[in-house]
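Read-outs: derived from the displayed coordinates by stated rules, not from any lab. On a predicted model such as this, the values are computed, not experimentally measured, just so you know. Counting neighbours? That spans all protein chains shown, and the Cβs are built from the backbone with ideal geometry, glycine included.
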Amino acid sequence: MKQQKFTKQFAEFLRIGAALVKQAEADALLIFAEGVCEWDQIKAGAGDTKTIIAADNEEALEGAKEAGLMPIVVELDESPILEKLTHALVESVADDIIATGASVVALYSGFDESRLDTISLVRLSEHLGRLTSRDLRRLETSVPLETLKHVIDLAVDIGREGREGKPVGTMFVVGDHRKVLHHSVASGFDPIKGYNRKERSIFDGRVREGIKEIAQLDGAFIINADGVVEAACRLVDVSSASVTLSKGLGARHWAGAAISKKTKSIAIVVSESNGTVRVFQNGEVMLRIEPFRRAMKWKDLDFDNAGE
Ligand SMILES: Nc1ncnc2c1ncn2[C@@H]1O[C@H](COP(=O)(O)OP(=O)(O)OP(=O)(O)O)[C@@H](O)[C@H]1O
């Protein structure tokens with residue numbers, strides 16, 4: 001997206017957008033703009049309206065938070081604006097800024113990248129949303145929420161993007177890593193061996209990119225509760241006799257279910273067939289996330305487990 005300036009037109013759109021939020025009783029104003037940094041003027045124009053500022057990268061949002069705005073990084077540089085907008089809304093739900101089902105007035109560049117020229121009033125579907133912290137808290141686990149959230153987001157990215165046009169399936173086993181290592185075997189060489197802890201932390205974007213590359217190889221990633229990858233390309237070696245899953249799921253999913261039953265870990269499995277991500281705890285599917293265009297459609301589960 002081209003750099004934008006805080007022009008008269010920007011100020012006018014802001015005024016109309018804030019007025020529409022009030023009139024339509026919407027929950028927030030979302031501005032998708034790259035390159036503006038007159039945060040105080042934007043805040044003044046928006047008044048007491050909850051205002052989300054979205055952009056493609058973090059630098060473009062520097063100082064927005066301090067001015068009382070809510071920054072959201074989208075990182076979908078080459079995607080069409082409507083896709084970016086959907087993603088920004090979904091991320092806002094994930095960050096608990098707005099609720100699923102909220103109404104949002106969005107200001108963005110629909111036609112001319114260099115200026116705001118479009119206003120939309122969007123009502124979010126009740127089911128549209130990436131994982132919210134609330135969903136994850138349901139897992140009640142000793143793995144910190146931040147670690148889980150990062151791994152699940154990464155899994156969702158892998159399911160959605162694949163690699164070089166090909167679908168990729170993989171598995172992450174998070175927490176209780178010593179026991180998990182004990183119940184798994186190396187499938188070949190371990191590509192992360194020799195790297196220090198920092199170079200293996202999933203909190204680092206470059207590490208996450210590296211993981212996407214390695215995910216094409218056979219086996220699972222073992223991640224400790226602090227988000228450090230302890231091993232890659234591990235084959236889970238646990239009998240799945242104690243778990244019951246729907247028949248359509250193959251060896252990878254059974255292994256994920258079994259290791260989450262045998263240990264206190266959470267297993268996150270990305271299906272190569274369709275990009276669906278399943279989160280297993282204690283042998284059961286606790287969450288299922290379907291790829292839905294670029295955004296995620298969140299579904300209630302249960303019907304994944306046996307007995308259907
Ligand atoms: N015990 C295991 N531990 C780790 N990875 C496994 C294990 N079993 C299978 N896999 C991985 O899963 C891959 C796919 O196996 P399979 O097709 O049976 O699984 P699936 O559950 O149907 O998953 P997908 O939907 O991704 O195909 C295997 O090639 C292997 O890389």
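Tabulated values for the structure
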quantity	calculated
Centroid-to-centroid separation of the range 55-115 and the range 203-262 [C-alpha atoms, Å]	32
For Val168, residues with placed amide H under 5 Å, excluding near neighbours	Gly162, Arg163
Taking Tyr108, Tyr195 and counting other C-beta atoms within 10 Å, the order from fewest to most	Tyr195, Tyr108
Volume of the Cα convex hull of the range 8-127, divided per residue and given in Å³	94
Relative contact order of the range 8-127, defined on C-alpha pairs under 8 angstrom at six or more residues apart (%)	28
For Ile53, residues with placed amide H under 5 Å, excluding near neighbours	Ile31, Met70, Ile72
Tilt relative to the chain, helix 251-262 - C-alpha long axis, 0 to 90 degrees, to 10	80
Options Leu82, Ile266, Trp39, ranked by Cα towards positive dipole end of the chain, top entry (Cβ charges)	Ile266
Candidates Gln216, Gln23, Gln281, ranked by Gaussian network fluctuation over the chain, Cα under 10 Å, top entry	Gln23
Distance in nm between pseudo-label sites at Ile214 and Ser246 (7 Å out along the Cβ direction from Cα)	3.1
Antiparallel bridges, percent of DSSP beta bridges restricted to the range 8-127 (to nearest 5)	35
Gaussian network model of the chain, springs between alpha carbon atoms under 10 Å - residue of Glu83, Glu59, Glu164 with greatest fluctuation	Glu164
Charge-dipole axis of the chain as Lys and Arg at +1 and Asp and Glu at -1 on Cβ define it, positive-most pick from Val174, Ser242, Ala99	Ser242
Per-residue [θ]222 nm for the chain (sum of -39500 (n - 2.57) over DSSP H runs n ≥ 4, rounded to 500)	-8500 deg cm²/dmol
Amide N proximity, the range 8-47 versus Asn57 label position 7 Å along Cα-to-Cβ, cut-off under 17 Å	33-37
Kirkwood Rh in Å, taken over the chain so that all alpha-carbon pairs contribute	20.6
Estimated dipole of the range 8-127 in Debye, rounded to 20 [Cβ of Lys and Arg +1, of Asp and Glu -1, Cα centre]	660
Residue with peak Gaussian network fluctuation, the chain [Cα springs, cutoff 10 Å], from Phe189, Phe172, Phe280	Phe189
Kirkwood Rh and Cα Rg combined as Rg over Rh, evaluated for the range 133-291	0.92
Net dipole in debye of the chain [+1 Lys, Arg Cβ; -1 Asp, Glu Cβ; about Cα centre; nearest 20]	780
Distance between modelled label sites at Lys193 and Ile16, nm, 7 Å Cα→Cβ extension	6.3
Magnitude of the charge dipole, the range 133-291, Cβ model with Lys/Arg +1 and Asp/Glu -1, debye to 20	320
Crossing angle, helix 8-23 versus the chain [Cα axis fit, 0-90 degrees, rounded to tens]	70
